[in-house]
Amino acid sequence: MKEKVELVLKKYFGYDAFKPGQDKIISNILDQRDTLGIMPTGGGKSLCYQIPALVLPGTSIIISPLIALMKDQVDALTSQGIAAAYISSILTPKEVQETLINAAHGQYKLLYIAPERLASESCSNLLLNLQVPLIAIDEAHCVSQWGHDFRPSYEAIAPWIKQMPRRPVVAAFTATATPRVQEDIVKLLHLEKGTTFITGFDRKSLHFSVLKGVDKKQYIDQYVKGHAEQAGIIYAATRKEVDDLYKYLSSQGYKAGRYHAGLSNEERNYSQDAFIYDELRVIVATNAFGLGIDKSNIRYVIHHNMPRSLESYYQEAGRAGRDGDAGECILLFSPADVHIQKFLIEQTVMAEEREQEEYRKLQDMIDYCHTTRCLRQYILEYFGEKNIADNCENCGNCTGKYELKDITIEAQKIFSCMMRMNQQYGSTMVSSVLKGSRAKRVREMGFDKLSTYGIMSDLTLAAIVDLINLLAAEDYIHITEGKYPILRLTRKAVPVLKSQAEVTIRIQKEPEAAVIDSQLFLRLRDLRHEIAEKEQVPPYVIFHDSTLKEMSARLPADLNQMSSIPGVGEIKLAKYGQQFLDVIINFASENELTASLTGGEKPPGRVAAAKQPVSKEKNKIPSYIITWEMYNEGKSIEDIVNERELKEITIQDHFLRCAREGLKIEWDDFLSEEEEAEILAVINEVGTEKLAPIKAALPEEIGYMAIKAVICKNKLA
Ligand code: ADP
Ligand code: MG
Ligand code: ZN
């Protein structure tokens, strides 16, 4: 038998040797034993059922959810001289009929069937007369509710097999299955005394990394530019984001396509084909794209948003590098992604238990984004592998420069505070107590009386929240599922509390991604360069980089606002202000930007109306000082706005300027401690380079003033 198998391998497929696991799986099937084969993407699963199908007498049936792939496989087999056919919804009823008749005459070695066809009567009748030695189920994780890609039609498989006159050997295959899903596959497909073969989930050639706090659009722009000759997929969470990114990349001159369920069939097919045939380099897509795409030379997969589970992530990211060459898998994380995914879970109607499971998976996914351990190790352990090396030398956490840091004391402080709060609160509350916050709720609950109150006051709130996330990622803390997660200690935390174990983490020495300059910044830099040349001075004499960055982040809409940018003194304002302002205003209207300074607070029309002469009210006393004096008289922002007939945003900026210049501002007048904690947590993730992403990740009611106040108060910019 062995010789025969090797002969088939060479004769039909042209290979001299098996890939890892293939021979064992094939002989197991040929020995008439049910089989579950778990091999990574590109591991060669198809061969594991195709070869037995060729060796065994009769017609083997392959069940696969991937209609497009089915056709490709059948075409490939036919071209290799193997009699194969498929039955799916893309055939006309007449074609189905013909195929069934041919099948009944035993003309095929392999017959592919889409799972939703199983229930049809014609299919059932066929089986009564057909000799079927093997049923192979590809993408078998689809049978499990607990997987990431549950297909109800897969439930029909087991009953269907049961009604067959003679039970064939059953073999199931998948690339992504947690231990729980593996169990489910065996149970739901009734794999009798099934043997499970796991060749491992590792994809050694893939480089994994998670980037936080980067400007996603710019990052993608730069990445695609730097890899213009390579094929890549960019996954985004929603159709709208796909459309936005697609338009953006197209406008930048890239050969991009898009794919999501909201597009016409024609456009979807066009994008898919053009991508497969290398006419398009990059495709922007929702997770609807990729199933059944066998394209082997995809060099990178960027996730613009965090997906809902590691299973989805690994499957999507795993589409890179099927040919075994290097592939890059980059996940761009932002806290807003967590909100998006929770929202999506809430939107989907499902049973309570299932929903909890979804939240649990989401938490594992979030932990992946926060872990400082080897990312590969994290993934492989998630899929149930054991004894994985601590350093893979091929992921962002292993290749980045890092040092080890002992955080045992910090961990103990956090754990004991959680204990004293009876493990009934989420990270915001716990961190507020540790910080020693004077927030109303902390006092109302009497937490300011706890011995752990304020024991981490030397850290910022954001740093405490970060530590909590980290300890959760490392399994010391369990964050409960659901909308309002609660922190609980795990068993792993106990020895730490008793000082019997230490906690060490890796700290990145250098930020992984260089901060990418914004397009506007680049334009402002060009202008500066021009002026500098004309004036024969070094560019920094005109404005420092930091000033240009501030301009591009705040988008001042008039000279008055321009004057509040650090580094823009009166002389420079008069000399260069208007030129820089023109560039900013043009850029803002080209890109339909509502200035981040005002964010969504003002109607967009303001950009166009922005050119106003410098206010003539200056009689020696600077405007912001006047504001400050009024504030000290006890007037509110609103009062000052009305009295001075200035825009609210202007007055807000006056306050910030005062603070920067050392004039005392009571920040509590502008924001509560809870708001501050929330804002800091977000800033910690997304940085302060731009305000809009911070605003987006926060509840609606938190305005720009509060955000700017936090930045100013904590000297974060
Ligand atoms: P999977 O379904 O596990 O993702 P495929 O069955 O599509 O993987 O196989 C991936 C690639 O590996 C295909 O191009 C296939 O031709 C190739 N392949 C399969 N088995 C072998 C082998 N023994 N030697 C060399 N290449 C192989
Ligand atoms: Mg496959
Ligand atoms: Zn690693």
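Any idea which of ASP16, ASP23, ASP72, ASP34 is open to solvent by 10 Å² or more (accessible area, probe 1.4 Å) and either within 27 Å of ARG151 (Cα to Cα) or within 16 Å of ligand 3 (Cβ to nearest atom) (or both)? Working first, answer last.
Values: ASP16 fails: either within 27 Å of ARG151 (Cα to Cα) or within 16 Å of ligand 3 (Cβ to nearest atom) (or both); ASP23 fails: either within 27 Å of ARG151 (Cα to Cα) or within 16 Å of ligand 3 (Cβ to nearest atom) (or both); ASP34 fails: open to solvent by 10 Å² or more (accessible area, probe 1.4 Å).
After ruling out the rest, the residue left standing is ASP72.
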(message) Here are the criteria: (1) more than 39 Å from the chain's Cα centre (by Cα); (2) of a type in the set (D, E, K, R); (3) part of a loop (DSSP other than H, G, I, E, B); (4) within 14 Å of ligand 1 (Cβ to nearest atom). Tell me which single one LYS19 does not satisfy.
(response) (1)
(request) May I ask you to list pairs of residues, at least six apart or on different chains, whose Cβ atoms are under 9 Å apart, with the first in the stretch 445-474 being at positive phi and the second being open to solvent by 20 Å² or more (accessible area, probe 1.4 Å)? (result) GLY454/LYS435; GLY454/GLY436; GLY454/ASP448
(request) Among the candidates ASP23, ASP75, single out the residue that is more than 16 Å from ligand 2 (Cβ to nearest atom) and among the acidic types (Asp, Glu). (result) ASP23
(request) Quick one: THR348 ticks every box in (1) open to solvent by less than 40 Å² (accessible area, probe 1.4 Å); (2) free of Cβ contacts under 8 Å to residues at least 12 places away in the same chain except a single one, so which number is it? (result) (1)
(message) I need the full set of residues from the stretch 135-167 which are open to solvent by less than 10 Å² (accessible area, probe 1.4 Å), away from ligand 1 (no atom under 16 Å from the Cβ) and in contact (Cβ under 8 Å) with a residue 60 or more places away in the chain, in order please.
(response) ILE135, GLY147, TYR154, ILE157
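Condition check: in a loop (DSSP other than H, G, I, E, B), in the same structural domain as MET164 (by TED's automatic domain parsing) and surrounded by fewer than 21 Cβ atoms within 10 Å (Cβ to Cβ). Does GLY42 satisfy that?
On the way: in a loop (DSSP other than H, G, I, E, B): yes; in the same structural domain as MET164 (by TED's automatic domain parsing): yes; surrounded by fewer than 21 Cβ atoms within 10 Å (Cβ to Cβ): yes.
Considered against the rule, which asks whether it is in a loop (DSSP other than H, G, I, E, B), in the same structural domain as MET164 (by TED's automatic domain parsing) and surrounded by fewer than 21 Cβ atoms within 10 Å (Cβ to Cβ), GLY42 comes out as yes.
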(message) If I ask for residues that are crowded, with 19+ Cβ neighbours inside 10 Å, under 38 Å from the mean Cα position of the chain (by Cα) and assigned to a loop (DSSP other than H, G, I, E, B), which ones from the stretch 89-116 would you list?
(response) ALA114
(request) Evaluate the following for LEU380: is it in contact with a Lys or Arg (Cβ under 6 Å, 6 or more places away or on another chain) and more than 16 Å from ligand 1 (Cβ to nearest atom)? (result) no
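Taking the conditions exactly as written (away from ligand 3 (no atom under 16 Å from the Cβ), open to solvent by 50 Å² or more (accessible area, probe 1.4 Å) and within 21 Å of THR176 (Cα to Cα)), does ARG319 satisfy them or not? So that I can check it myself, show each step before the final result.
Working: away from ligand 3 (no atom under 16 Å from the Cβ): yes; open to solvent by 50 Å² or more (accessible area, probe 1.4 Å): no; within 21 Å of THR176 (Cα to Cα): yes.
No.
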(message) What pairs come out if I take residues in the stretch 170-195 that are touching a residue at least 12 places away in the same chain (Cβ under 8 Å) and open to solvent by 50 Å² or more (accessible area, probe 1.4 Å) and pair them with residues that are outside any strand (DSSP E or B) and within 16 Å of ligand 2 (Cβ to nearest atom) whose C-beta lies under 6 Å away, six or more apart or interchain?
(response) LEU188/VAL143
(request) Test ILE379 against the criterion of being among the β-branched types (Val, Ile, Thr), within 15 Å of ligand 3 (Cβ to nearest atom) and assigned to a helix (DSSP H, G or I), and give yes or no. (result) yes
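The values are calculated or read from the model by the stated rules, or taken from the named source; none is laboratory data. From a predicted model like this one, the values you see are computed outputs, not experimental measurements. Every residue, glycine as well, gets a Cβ built from its backbone with ideal geometry; the counts of neighbours run over all protein chains shown. Heads up: the accessible areas ignore ligands, DNA and RNA and are worked out on the full protein's heavy atoms, side chains in. Shrake-Rupley method; radii C 1.70, N 1.55, O 1.52, S 1.80 Å.
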